[in-house]
Every structure is written in structure tokens, then in C-alpha cells.
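So the structure is just underneath, and the comments pick up after that.
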Amino acid sequence: MYSWLLRNLILPSVSTFTRSAFWEAYRDMLRLEVRSWDELQRLQWERFEVLLAHACQHVPFYRERLQSRGIEPADIRRFEDLLRIPPTTKDEVQANFPDRMTSAQASKGELRYVSTSGTANRLMVIHDFHKREMVRAAALRSLSLSGGYRPGGRMVEIPPDVCSIVCGAEGESLDGVLPHLYRMVRHGELGDEDAVSSLKGRVERNWVFRKKTYQPFGPQGTSLSKEQLRGYVAALRRDRPQVLKALPTYLHEIARYVAREGLEPIPVDVVKPMGASVSPAMRESIAAGFDGAYREDYGCAEFGDMACDCARRDGLHVFSDLFLIEVVVGDRHAEPGELGRILVTDLSNLAMPMIRYAIGDVGRIRLDDHGCGRHSPRLWVEGRVEDALVDRGGEVYSSDRIMDFLYRRPEVAQFQVIETRAGCLDLLVVPRNGADLRASGLAEAFGAFLGGGMDITLYPVKTIRPEASGKFRFVQSRSWGRLMEGERHA
Ligand SMILES: [Zn+2]
């Protein structure tokens with residue numbers, strides 16, 4: 001009933017009152033989802049051409065990038081032509097931010113800074129009003145398509161440690177929607193832009209998503225006390241969220257605690273990882289700890305949600321009306337299903353165009369239709385570029401592949417692989433149930449898995465600590481730079 005009222009009465013009236021296009025945009029997006037790939041591709045390319053022409057006219061960084069190569073926007077006519085434009089790196093964005101990266105056309109009053117979590121790796125981008133609406137709509141789209149979430153359902157998030165400081169800034173101490181509205185009326189602020197935008201934030205958090213945020217694990221790392229884990233389980237049983245989103249490591253630890261203690265799986269409708277990728281072995285243990293569907297999506301603060309899975313759970317369908325996503329190996333596009341670096345072009349941010357942005361993830365993409373009714377390409381994300389080991393022969397071991405191997409070993413509770421110099425690895429392991437790591441042949445087995453060319457030193461440890469960003473880096477590679485070999489540089 002609540003959800004019905006929300007969808008049919010409250011959200012449409014909020015849209016009218018605040019001139020918000022969020023609800024309409026969301027419904028348009030759902031209609032686009034079932035279009036044929038030909039139609040989607042046409043729409044995607046139209047939007048790309050608008051973006052590229054706009055960027056070349058109004059954004060100094062992209063104007064010079066194309067001019068210095070003698071390229072006109074009109075020269076980029078087909079998907080393959082994209083390869084003529086070098087990828088945009090995070091360093092370039094930072095060096096040119098904000099003036100040379102943002103559009104001279106954008107109206108300053110409606111711009112907002114958005115930053116990623118992670119202090120060391122922080123990237124600032126700017127969203128205008130339209131982009132913010134698209135981010136909101138895409139968030140609901142991915143919740144709805146991947147897991148069947150309905151506006152008004154209860155949601156719990158356990159974001160990475162740093163998120164409570166950085167990302168929380170916008171949402172902190174939000175009181176209710178109605179008290180805020182009452183205050184606006186009393187102070188005659190109904191036309192005030194900030195007050196309206198703040199009202200929208202409240203509606204979104206309290207009514208649309210009914211979102212609750214739990215404390216993250218904290219700097220002590222993966223090894224939580226029994227009391228702490230029991231606390232999470234009790235809170236989830238009490239709140240019974242429709243959707244639980246959390247850093248995969250948190251879900252993994254909670255699920256393994258449930259299994260260890262022989263507890264009933266935790267009842268949620270949908271459990272989703274956020275902020276990092278998940279290997280198949282982790283996925284299995286997470287799914288076993290929760291009584292609900294395990295689903296995945298792909299997104300980040302700078303771009304919003306970019307792709308989400310379907311009921312077949314075989315890859316994440318790209319939101320092709322909003323993003324153009326490429327996977328590249330050196331200076332060519334990857335073959336279907338081949339592992340490469342992911343590049344993102346954001347089709348709905350004209351205030352700060354991001355064209356072929358090297359987001360720092362590795363993955364695979366395929367175009368073939370698997371018959372679910374959505375025709376957009378499917379993406380598999382396998383971890384961070386800097387977390388992939390590349391051996392001398394060019395074989396790439398993504399962090400997902402490594403995690404998958406190590407988490408399937410019965411003696412491993414947690415681990416970290418640190419490449420101290422090319423070909424030399426320190427393997428830190430938290431043993432499971434007091435296992436004798438040296439007797440188990442773990443180092444030898446891991447060496448064989450990596451093709452025999454790596455020198456491995458094993459260290460038993462008590463916990464694995466997160467980075468300053470609050471996220472975990474289970475693989476710290478030095479050889480990842482080989483992934484860029486053969487690439488055209490600016
Ligand atoms: Zn599908």
C-alpha cells in the first residue's frame with residue numbers, strides 16, 4: 001500500500017512541485033531497457049555525438065586533445081573510431097580540474113561537487129542538475145531491475161569505512177520530510193533552491209529508499225570480534241531490509257560468521273555488494289549466509305549506477321542510454337569476453353564531460369543476447385587494474401581470479417598478496433580454524449596456480465587491514481603497468 005501511494009501519488013506530485021524530472025526519467029529508462037540493441041545503439045551514438053561536439057566546443061581539455069591529433073568531432077563516426085581518442089586518465093582529470101575540465105556553458109549555480117570515497121585515490125567531478133536527476137533515477141533503476149526493489153522498501157547500507165566521513169556529508173542528520181516542509185512554508189522558502197534541493201534529499205532518503213546506514217567495520221580490519229558480528233546479525237534480523245548493500249568483505253565476513261555458528265541465514269529479500277568486485281567463491285559464501293537473492297550492479301559516486309544484472313545473473317547489462325562502456329587491451333578493443341581495462345563515457349554529464357575515462361577496473365564485455373528481454377551488452381567486472389598481476393608472458397590474473405583461488409582453500413580465512421618486486425610475492429594469510437599453513441602446501445599450490453614463474457613467501461597474520469579509503473586491497477600488484485603496454489599516450 002505504501003509503495004503504491006508513493007509511486008502513484010507522492011512521487012509524481014513531488015516531481016511537479018520541485019520541477020524534478022527524476023520520476024519521469026526513471027520511467028523512461030525502464031521503457032528503454034526493452035528496446036532492441038539496434039535502437040539502443042542509435043540512441044547511444046546520438047547522445048555521444050552531442051557530448052563530443054559539446055566537449056570540443058566548451059571544454060578546453062577535450063578541445064586540445066582532439067585538435068592536437070587533427071581530429072574533428074565529425075571524424076568519429078563509428079565505434080572503432082573511438083580508438084583515435086586516447087583514454088582520459090585520473091591524473092589528467094586532476095591536473096585539469098576544474099576549469100579546463102568543465103563546460104564554460106554550465107550554469108554555476110546548479111553545479112555540485114561529487115567525490116569518490118578513498119582519500120588517496122580521490123577524484124572530484126562536477127554534476128549539474130540534470131546529471132543529479134539521472135543519478136537518482138539510475139539508482140532506482142538498478143535496484144528495481146536487479147532484485148525487484150519497489151520505492152518505499154526498507155534498505156540497509158554498510159558502506160566502506162571512509163564513506164561515513166566523505167559520502168555521508170550530504171546525508172547527515174536528516175530530519176523528516178514533513179518537518180522540513182513545514183519549516184519551508186513558515187519561512188516562505190518554497191521558492192528557495194537550496195531548501196527545495198534539501199527537501200528532495202529528504203524525500204529520497206526517507207520515503208523513496210527508507211535507507212538506514214550501519215557503522216562500517218573500522219580500521220581493525222577483517223577480523224571482528226564475535227560480539228561485533230553478532231551485533232550486525234541482530235540488527236539485520238531486527239530491520240529485515242528489502243535490500244542490503246555492503247562492501248563485499250563485510251558481507252563475506254558476516255555470512256561466514258553465520259555459517260560458523262550454525263545460525264539460520266539472515267532474512268533479506270536482496271543482498272548486493274557495493275564498492276568492490278566479488279569473486280565467484282565469495283559470492284557462494286555470501287549467498288549461503290543470507291536468505292534472499294544475491295544480485296549485483298556496477299556504479300560509483302562520479303557516474304552513478306552504470307549497469308546491473310538480470311534474473312539470469314550472467315553479467316551486468318550496461319545502461320547504454322546513459323553510458324558508453326568499452327573494454328580495451330592496449331590500443332584495441334577487447335575481443336568478446338576478453339579481459340581488459342574498462343573505459344567509461346558518461347553520456348548524461350555535459351557540465352563535466354568524461355570521455356573514455358579509465359575508471360581503473362578490469363573486466364570483460366559481450367554483446368550476444370542471452371534472451372532475458374534486455375538487449376544491452378553485458379559486463380563482468382573483475383577488480384581494480386592496480387590489483388591485477390601480469391606475468392612475463394602477459395597472462396593477467398585479476399584480483400577476482402586470485403581471490404577465487406585462495407578463498408576456495410580450506411585453510412584460508414583471509415589473505416593479502418603483495419608483489420614486492422616483479423615476480424616476488426608476499427602471501428599474508430589469516431589461517432582458518434588454526435590451520436597449519438606451512439604443512440598445507442598453500443604457497444606451492446598458489447605458485448602453481450600462477451604458472452610457476454613467481455617467487456612466493458608465506459606469512460601467517462591475525463587480520464588484514466583496510467586502506468585509508470576503508471576499502472581492502474587483497475592484491476597489491478607492481479606488474480599491472482603491463483596492462484597499458486601498447487596503448488597510445490597523450
Ligand atoms: Zn539479461
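The values are calculated or read from the model by the stated rules, or taken from the named source; none is laboratory data. None of the values given here were measured: they were computed from a predicted structure. With ideal geometry, Cβ positions are generated from the backbone for all residues, glycine too; neighbour counts draw on all protein chains shown. Note: accessible area is taken over every heavy atom of the protein model, side chains too, but ligands, DNA and RNA are not part of it. Shrake-Rupley method; radii C 1.70, N 1.55, O 1.52, S 1.80 Å.
Restricting to Cα atoms and excluding each atom paired with itself, what does the Kirkwood estimate give for segment 173-274 in Å?
Evaluated over segment 173-274, this radius sits at 16.1 Å.
Return the inverse of the average 1/r over all pairs of distinct C-alpha atoms in segment 370-432, which is the Kirkwood hydrodynamic radius, in Å to one decimal.
Details: mean 1/r = 0.0719 Å⁻¹.
That comes to 13.9 Å for segment 370-432.
How large is the helix-only mean residue ellipticity at 222 nm for the chain, computed as the sum of -39500 (n - 2.57) over DSSP H runs with n ≥ 4, divided by its residue count, in deg cm²/dmol to the nearest 500? Don't jump to the answer; show the numbers that get you there.
Values: 15 runs with 155 residues, N = 490.
Value at 222 nm, helices only: -9500 deg cm²/dmol.
Using only the Cα atoms, what convex hull volume per residue in Å³ does the chain have? Spell out each step's value before the answer.
Values: hull volume 72.5 nm³, N = 490.
Each residue corresponds to 148 Å³ of Cα convex hull volume.
Give the accessible surface of segment 268-325 per residue, rounded to a whole number of Å², with probe radius 1.4 Å and ligands, DNA and RNA excluded. All intermediate terms of the calculation are to be shown ahead of the outcome.
Working: 1650 Å² over 58 residues.
That works out to 28 Å² for each residue.
Dipole of segment 285-344, Cα-centred, from +1 at each Lys and Arg C-beta and -1 at each Asp and Glu C-beta, to the nearest 20 debye?
Details: 5 positive and 12 negative charges, 23 e Å.
So the magnitude is around 120 debye.
Put +1 on the Cβ of each Lys and Arg and -1 on the Cβ of each Asp and Glu in the chain; which of Leu450, Ser440, Gly340 then has its Cα farthest toward the positive end of the dipole?
Ser440
For the chain, build the charge dipole from Cβ charges (+1 Lys, Arg; -1 Asp, Glu) around the Cα centre, then report which of Phe61, Val475, Ala301 sits farthest towards its positive end.
Positive-most Cα among the choices belongs to Ala301.
Looking at segment 380-465, which GluC sites (Glu not before Pro) are DSSP coil and have at most 14 other C-beta atoms within 10 Å of their C-beta? Don't skip to the end; give the middle numbers.
Working: sites: Glu382, Glu386, Glu395, Glu411, Glu419, Glu444; in loops: Glu395, Glu411.
Hits after loop and neighbour filter: Glu395.
In segment 330-475, carbon and sulfur make up what percent of the accessible area (probe 1.4 Å)? Please list the in-between numbers first.
Values: 2790 of 5580 Å².
Using a 1.4 Å probe with all protein chains present, segment 330-475 comes out at 50 percent carbon and sulfur.
Over segment 375-419, what is the relative contact order in percent, taking alpha-carbon pairs closer than 8 angstrom and at least six residues apart? Mind dumping the intermediate values first?
Details: 26 pairs, mean separation 11.4, N = 45.
It comes to 25 percent, rounded to a whole number.
Would you please give the residues with an amide H less than 5 Å from that of Ala307, counting only those at least 5 places away or on a separate chain, with H modeled from the backbone geometry?
Amide H neighbours of Ala307: Tyr298, Phe319.
Would you kindly give the portion of the calculated P(r) for segment 282-427 that falls above 26 Å, as a percent of all Cα pairs? Mind showing how you got there, number by number?
Details: 3586 of 10585 pairs.
Tail of the P(r) past 26 Å holds 34 percent of the pairs.
Taking +1 at the Cβ of each Lys and Arg and -1 at the Cβ of each Asp and Glu, which of Asn349, Ala21, Val156 sits farthest along the dipole of the chain towards its positive end, judged by Cα position relative to the Cα centre?
Checking the options against the dipole of the chain, the answer is Val156.
Compute the length gained on full extension between Phe449 and Glu64: take 0.36 nm times their separation in residues and subtract their Cα-Cα distance, giving the result in nm to one decimal. Intermediate values should be presented prior to the final figure.
Working: separation 385, 0.36 × 385 = 138.60 nm, distance 4.58 nm.
Once the chain is fully extended between Phe449 and Glu64, it gains 134.0 nm.
Taking 0.36 nm per intervening residue step and subtracting the Cα-Cα distance, what contour gain separates Glu80 from Arg183 on full extension? Present the calculation step by step, with values, prior to reporting the outcome.
Numbers: separation 103, 0.36 × 103 = 37.08 nm, distance 5.47 nm.
Taking 0.36 nm per residue and subtracting the Cα distance, the gain is 31.6 nm.
Out of every Cα pair in segment 326-397, what percent are spaced more than 20 Å from each other? Provide the component values of the computation, followed by the final result.
Working: 958 of 2556 pairs.
Tail of the P(r) past 20 Å holds 37 percent of the pairs.
Check which residues have an amide H placed less than 5 Å from Val475's amide H, if you skip close sequence neighbours.
Answer set, sorted by chain and number: Val417.
Per residue, how much accessible area does segment 403-454 have with a 1.4 Å probe, in Å²?
Details: 2180 Å² over 52 residues.
Accessible area per residue: 42 Å².
Based on Cβ point charges of +1 for Lys and Arg and -1 for Asp and Glu, what charge dipole magnitude is obtained for segment 300-386 about its Cα centre, in debye rounded to the nearest 20? Before the final figure, lay out each step's value.
Numbers: 10 positive and 15 negative charges, 23 e Å.
With Lys and Arg at +1 and Asp and Glu at -1, about 120 debye.
For segment 413-460, what is the Kirkwood hydrodynamic radius in Å, using each pair of distinct C-alpha atoms? Write down the numbers at each step before the final one.
On the way: mean 1/r = 0.0913 Å⁻¹.
One decimal place: 11.0 Å for the Kirkwood radius.
Among the listed pairs Lys90/Lys245; Lys245/Lys462; Lys90/Lys212; Lys90/Lys471, which have their C-alpha atoms separated by more than 30 angstrom in this model?
Working: Lys90/Lys245 27 Å; Lys245/Lys462 27 Å; Lys90/Lys212 32 Å; Lys90/Lys471 19 Å.
Beyond 30 Å: Lys90/Lys212.
Let me know the shape class of segment 234-324, please: from the alpha-carbon gyration tensor, a ≥ b ≥ c as square roots of the eigenvalues, rounded when a/c is under 1.5, otherwise prolate if a/b is greater than b/c, or oblate.
prolate
How far is the Cα center of segment 426-490 from the Cα center of segment 39-64, in Å?
What the calculation gives is 41 Å, centre to centre.
If you roll a 1.4 angstrom probe over the protein chains with everything in place, what fraction of the accessible area of segment 218-299 belongs to carbon and sulfur, to the nearest %?
Numbers: 1540 of 3120 Å².
Using a 1.4 Å probe with all protein chains present, segment 218-299 comes out at 49 percent carbon and sulfur.
For Asp361, which sequence-distant residues (separation of 5 or more, or a different chain) have an amide H within less than 5 Å of its own amide H, given hydrogens modelled in the peptide plane?
Ile342, Val385
First measure r as the distance between the Cβ atoms of Glu193 and Asp28, then evaluate 1/(1 + (r/R0)^6) with R0 = 30 Å and state the FRET efficiency to the nearest 0.05. Numbers along the way, then the final one.
Details: r = 25 Å, r/R0 = 0.82.
In this case the efficiency is close to 0.75.
On the principal axes of its Cα set, how long, how wide and how thick is segment 385-490? Give whole Å, largest value first.
51, 33, 21
To the nearest 20 Debye, how big is the dipole of the chain about its Cα centre, given +1 on the beta carbon of each Lys and Arg and -1 on that of each Asp and Glu? Walk me through the numbers on the way to the answer.
On the way: 67 positive and 67 negative charges, 232 e Å.
Rounded to the nearest 20 debye, it is 1120 debye.
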